[in-house]
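Visitor: Here you go, one structure.
All of the numbers you see were taken from the coordinates with simple rules; none came from a lab. Nothing here was measured: the structure is a model prediction, and the numbers come from that model. Cβ placement follows ideal geometry from the backbone for every residue including glycine, while neighbour counts extend to all protein chains displayed.
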Amino acid sequence: MGLEQLSPNDTKGKIITCRAAVAHGAGEALVIEKVKVHPPQKKEVRIKILFTSICHTDLSAWLGENEAQRAYPRILGHEACGIVESVGEGVKDVNEGDYVVPLFNGECGHCKLCKCPHTNMCQHFGVNPMKKDMVADGATRFTTVDGGKPIYHFLNTSTFTEYTVVDSACVVKLSGLIDQHSLKKLTLLSCGVSTGVGAAWNTANVQSDATVAVFGLGAVGLAVAEGARARGASKIIGIDINPDKFIKAREMGVTDFINPKDEDKPVYEIIREMTGGGVDFSFECVGNADVLRNAFSSVHEGWGLTVILGIHTTPQMLPIHPMELFDGRRVIASVFGGFKGRSHLPLFAKQCLQGMVKLDGFITHELPFKEINKAFDLLVSGKSLRCLLHL
Ligand code: APR
Ligand code: ZN
Ligand code: ZN
């Protein structure tokens, strides 16, 4: 099958009416309905989404587990790839017909943070689950077909729709030879795989022979494991309360497993025993304070580093006494794997397509877009890593 082509002139500058999966309330099944998608304004890009998938952060927002979910109706979703339908005034480096990945953690390129090589944060387009409109004018580019009421955005992206509008800071052009098969896989670079692999490569800088513990073997945790495997880690310990996750994880390079439910002592004690005092790196990929405490305690004194990837709900505070840091255990968080999206993702995509990172294992299911609620069920029940939805 060839790649999807667009005839930009048909829709350019016009409102597009298309299907979207709209959230109307916390935990309520998404409704596939017609919405209006307005043309991109200055420095904005309208994208025809080709594939999207569900990340745990969409699940949390859908369930109303964090502050994000006080704005309805809303279009969730932040992991996707697509083709540019049209661009607004002043967009230079992305053109109609380009294959792109949307970025929930944007890179404006001009702010103090974007100019700093030591961070991938952006003052204007950083991660903010509360934000529900466009930066340019605080309005939405989605409205209802009857009455033109606003439909809110999510995480700078909103990908559970046939068309979306994002700021040009939140889109990255895919370089190299892209065919249908690789394009599908690159959807994962929009969040899960970049977040996990990048945490191992950029945030922790895992080196060969390092020992690693990954708490939570969803797509994010397994992407960390894949990043560690690619760097030559000697031991990758996977921890999960769902033993079904171990089958896939073993195929993907995790070497040792712990199910906390099978143990009568804390996980960190087991890890210290397995590794002569603790691992070099632990990664918290669950979003649970007890898990974080175990991850922190499982690294070696003197140098061990814990990287937080899980999203923790308010009012949770860090479950660590300040004096414990004097033992030389360190803790840090990683957003989007430390990648500056627009600057770094093209090379990362190339590395993935060259096989440095294996992407195939992450897509466990594929469904048509209209079955998005089924895809949510698969994630809730722990059966899927990523279910790719075809639009
Ligand atoms: N101990 C160990 N593992 C746990 C625990 C626990 N107490 N609770 C849940 N898990 C496991 C689940 O069984 C599942 O395999 O954590 C895994 C989470 O995976 P997913 O639900 O697939 O989530 P994922 O998309 O990988 O995201 C993980 O990173 O980006 C954040 O918001 C995201 O907090 C989430 C985390
Ligand atoms: Zn995500
Ligand atoms: Zn910026």
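Visitor: Considering only DSSP beta bridges whose two residues both sit in the chain, what percent are antiparallel, to the nearest 5?
Guide: Numbers: 35 of 62 bridges.
Among the beta bridges of the chain, antiparallel pairing accounts for roughly 55 percent.
Visitor: Right, something else. Give me K374, K149 ranked fewest to most by other Cβ atoms within 10 Å of their Cβ, as a rough exposure proxy. All intermediate terms of the calculation are to be shown ahead of the outcome.
Guide: Values: K374 14, K149 11.
Fewest to most other Cβ atoms nearby, the residues stand as K149, K374.
Visitor: Would you please give the residues with an amide H less than 5 Å from that of G238, counting only those at least 5 places away or on a separate chain, with H modeled from the backbone geometry?
Guide: V214, T255, D256, F257, I258
Visitor: Just rank T164, T306, fewest to most, by other beta-carbon atoms within 10 angstrom.
Guide: Working: T164 29, T306 26.
Going from least to most buried by this count: T306, T164.
Visitor: Okay, next question. From Cα pairs below 8 angstrom and at least 6 apart in sequence, can you work out the relative contact order of segment 225-288, rounded to a whole percent?
Guide: On the way: 51 pairs, mean separation 16.3, N = 64.
Across segment 225-288, relative contact order equals 26 percent.
Visitor: When ranked by the protection proxy of mean other Cβ atoms within 10 Å per residue, highest first, what sequence do the peptides 255-261, 311-317, 223-229 form?
Guide: Details: 255-261: 15.9, 311-317: 11.6, 223-229: 29.7.
So the peptides 255-261, 311-317, 223-229, ranked by packing, come out 223-229, 255-261, 311-317.
Visitor: Go through segment 87-99 residue by residue and turn each phi into a ³J(HN,Hα) via Karplus (6.51, -1.76, 1.60, θ = phi - 60°); whole Hz please, and just put x for glycine and proline.
Guide: 10, x, 4, x, 8, 10, 9, 10, 10, 3, x, 6, 7
Visitor: Separate question: Longer than 22 Å from Cα to Cα, which of K43/K350; K248/K370; K184/K370; K131/K184; K34/K132 are they? Say none if no pair is.
Guide: Working: K43/K350 26 Å; K248/K370 27 Å; K184/K370 18 Å; K131/K184 28 Å; K34/K132 19 Å.
Table pairs above 22 Å Cα-Cα are K43/K350; K248/K370; K131/K184.
Visitor: Under a cut-off of 17 Å between alpha-carbon atoms, report the aspartates and glutamates in cross-link reach of K235, not counting same-chain residues fewer than 8 places apart.
Guide: D209, E226, E251, D256, E269, E273, D280, E284
Visitor: Report the residue, chosen from G287, G147, G27, that carries the largest GNM mean-square fluctuation when the chain is represented by alpha-carbon nodes joined by springs under 10 Å.
Guide: Highest fluctuation among the options: G147.
Visitor: Going by how many other beta carbons lie within 10 Å of each one, how would you line up W201, W62, fewest first? Intermediate results must be reported in sequence, preceding the final value.
Guide: On the way: W201 22, W62 26.
Listing W201, W62 from fewest to most nearby Cβ atoms yields W201, W62.
Visitor: Next up: Among G148, G277, G232, determine the one that fluctuates most according to a GNM of the chain built with springs between C-alpha atoms less than 10 Å apart.
Guide: Of G148, G277, G232, the Gaussian network model singles out G148 as fluctuating most.
Visitor: Another question about this same structure. Relative contact order of the chain, please, whole-number percent, based on alpha carbon pairs below 8 angstrom and at least 6 residues apart.
Guide: Values: 955 pairs, mean separation 65.1, N = 391.
Averaging sequence separation for qualifying contacts and normalising by length gives 17 percent for the chain.
Visitor: I'd like the orientation of helix 341-353 relative to the chain: the angle between its Cα long axis and the longest Cα principal axis, in ° from 0 to 90, rounded to 10.
Guide: Around 70 degrees separate the two axes.
Visitor: Now for a separate question. Using mean Cβ contacts within 10 Å as the protection proxy, how do 86-95, 71-80, 332-341 order, highest first?
Guide: Details: 86-95: 15.5, 71-80: 24.4, 332-341: 22.2.
Packing proxy ranking, top to bottom: 71-80, 332-341, 86-95.
Visitor: Would you look at the GNM of the chain, springs on alpha carbons closer than 10 Å, and say which of D280, D137, D167 moves the most?
Guide: D137
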